[in-house]
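Colleague: Have a look at this one.
The values are calculated or read from the model by the stated rules, or taken from the named source; none is laboratory data. Note that this is a predicted model, so its numbers are computed, not measured. Every residue, glycine as well, gets a Cβ built from its backbone with ideal geometry; the counts of neighbours run over all protein chains shown. Side chains are part of the model used for accessible areas, which takes the heavy atoms of the whole protein and leaves out ligands, DNA and RNA. Shrake-Rupley method; radii C 1.70, N 1.55, O 1.52, S 1.80 Å.
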Amino acid sequence: MKVWQIERIQIFLSAGTIKGDKVINTAGEDLGKIEELMIDIQDGRVGYAVLSFGGFLGMGDKLFAIPWQALNLRVHDHAFVLDIPKETLENAKGFDKDHWPLTTREELSRTYTYYGYQPYWQTGVTEQIGLPGETIGSERMVRTESTAGRENPEFLSASTIKGDKVVNRAGEDLGKIEELMIDLQDGRIAYTVLSFGGFLGMGDKLFAIPWKALQLRVHEHKFLLDIPKETLKNAEGFDKDNWPITNREWLSTVYGYYGYQPYWQREKERIENRPGNI
């Protein structure tokens, strides 16, 4: 289901909508398309977009990891603009469609710096730190500590997450993840769309759930949702064919109901509380 919402700079799109969208350069030339979104499980945001480059680049046999902040939505064209020089893209290190190498932040940091972007987990701000393709000195790199090893990858594709089972602490089946809604402003998962079947028996509705409320159980291919049964039963859902008009004001109410602080407020407080800020 394609869900579009535009309000000032607030744009929410489902991962399913973004996947397959065309990618163009600033001249409007076709570069390729978005094949997948890789989700940073810990941070609840798009770690990187996976692109295939056809068009005038003619690199269709490889996939490429691109920082999310390098892509800008051109709403009326249903396309994303990638403002990176052709030479940088042609010299980029791609990977085979059957072998996806980037599973940790440490590995991904090299890709970010190649394109001239600072990894989002280092400062929390998406600012460009150099020319695309420029080598960044080691003094400007912060070595990241992996929170998970190869057995626990830090990134999962949106397609992998969609359809995963959701359980409670007792291991009872609650339902499954139907969709991930992406906040295009900062690449975060605005909310997760869940259907509740199982013992809740609420299969005719969908529910918006904060990403932070979900915990991955890697080896079980499940997500744990630790929210009381009564809270879930009294939650306001929406029809599968009538998604609500979503914006941050609406989403703030949803987050508050489940007892979570909206991600944009947490980020604002974090920036304001940095050393040196008055």
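Colleague: In this structure, is residue 102 closer than 22 Å to residue 160 by Cα and in contact with a helix residue (DSSP H, G or I) (Cβ under 6 Å, 6 or more places away or on another chain)?
Modeller: It is true that residue 102 is closer than 22 Å to residue 160 by Cα and in contact with a helix residue (DSSP H, G or I) (Cβ under 6 Å, 6 or more places away or on another chain).
Colleague: I would also like to ask the following. Any idea how many residues of segment 218-257 are assigned to a strand (DSSP E or B) and either touching a Gly at 6+ places or on another chain (Cβ under 6 Å) or in contact (Cβ under 8 Å) with a residue 40 or more places away in the chain (or both)?
Modeller: Summing the residues that are assigned to a strand (DSSP E or B) and either touching a Gly at 6+ places or on another chain (Cβ under 6 Å) or in contact (Cβ under 8 Å) with a residue 40 or more places away in the chain (or both) in segment 218-257 gives 4.
Colleague: Do you know which of the residues in segment 34-57 that are closer than 17 Å to residue 86 by Cα and part of a loop (DSSP other than H, G, I, E, B) is most open to solvent (accessible area, probe 1.4 Å)?
Modeller: Applying the filter and picking the extreme gives 56.
Colleague: If you take the residues in segment 58-75 that are open to solvent by 20 Å² or more (accessible area, probe 1.4 Å) and either aliphatic (A, V, I, L, M) or more than 18 Å from the chain's Cα centre (by Cα) (or both), which one is farthest from residue 112 (Cα to Cα)?
Modeller: Among those that are open to solvent by 20 Å² or more (accessible area, probe 1.4 Å) and either aliphatic (A, V, I, L, M) or more than 18 Å from the chain's Cα centre (by Cα) (or both), it is 75.
Colleague: What do you reckon, is residue 213 at pLDDT 95 or above and either in contact with a helix residue (DSSP H, G or I) (Cβ under 9 Å, 6 or more places away or on another chain) or more than 16 Å from residue 12 (Cα to Cα) (or both)?
Modeller: Details: at pLDDT 95 or above: yes; either in contact with a helix residue (DSSP H, G or I) (Cβ under 9 Å, 6 or more places away or on another chain) or more than 16 Å from residue 12 (Cα to Cα) (or both): yes.
For residue 213, the condition - at pLDDT 95 or above and either in contact with a helix residue (DSSP H, G or I) (Cβ under 9 Å, 6 or more places away or on another chain) or more than 16 Å from residue 12 (Cα to Cα) (or both) - is met.
Colleague: Right, another one. Looking only at segment 20-75, count every residue that is aromatic (Phe, Trp, Tyr) and touching a residue at least 60 places away in the same chain (Cβ under 8 Å) and tell me the total.
Modeller: So the count comes out to 2.
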